[in-house]
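Data block below; observations after.
Quick note: the coordinates plus some simple rules give every number you see, no bench work behind them. Bear in mind that the values here come from a model prediction, so they are computed numbers and not experimental data. Backbone-built Cβ (ideal geometry, glycine too); neighbour counts: all protein chains shown.
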Amino acid sequence: MKNNNIEEQQTQKQEFLFDGINYKILLIGIGVIALGFILMSGGGSNDPNVFNEDVFSFRRIRLAPTTVLIGFGITIYSIFKKSK
C-alpha cells in the first residue's frame, strides 16, 4: 500500500501553465510596457505659473503610448501562444 502511494506521487509531475518561451516573451512584453511608461515620464515644471511645452512632444504623445500598446500586444501573444 505504501509503495503504491509513492508510485502515484512520482507519476504526477508538476507542470507549469506555459512553456519557457512563453515566460520569456511575457517578460519581454512587460519590459516594453515599462519602457513606454518611462518614455512618458518627465516634462513637468517646478514653477506652477510656467507652462512647459515639452508635455506635447512627439515622444510623450505618440511614441510612448504606441510602445505601451505594442507591449500589451506582446504579452497577449505570449499568453495565447500554443505549447508544442
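Which order do peptides 39-46, 13-20 fall in by mean Cβ count within 10 Å, highest first? Can you show the working numbers first?
Numbers: 39-46: 11.6, 13-20: 8.8.
Order by mean packing, descending: 39-46, 13-20.
Principal-axis analysis of the Cα atoms of the chain puts helix 64-80 at an angle of about 10° to the longest axis. Normalising by residue count, the chain has a Cα convex hull of 125 Å³ per residue. Note on L27 and S83: the extension gain reaches 18.5 nm, defined as 0.36 nm multiplied by sequence separation minus the Cα-Cα distance.
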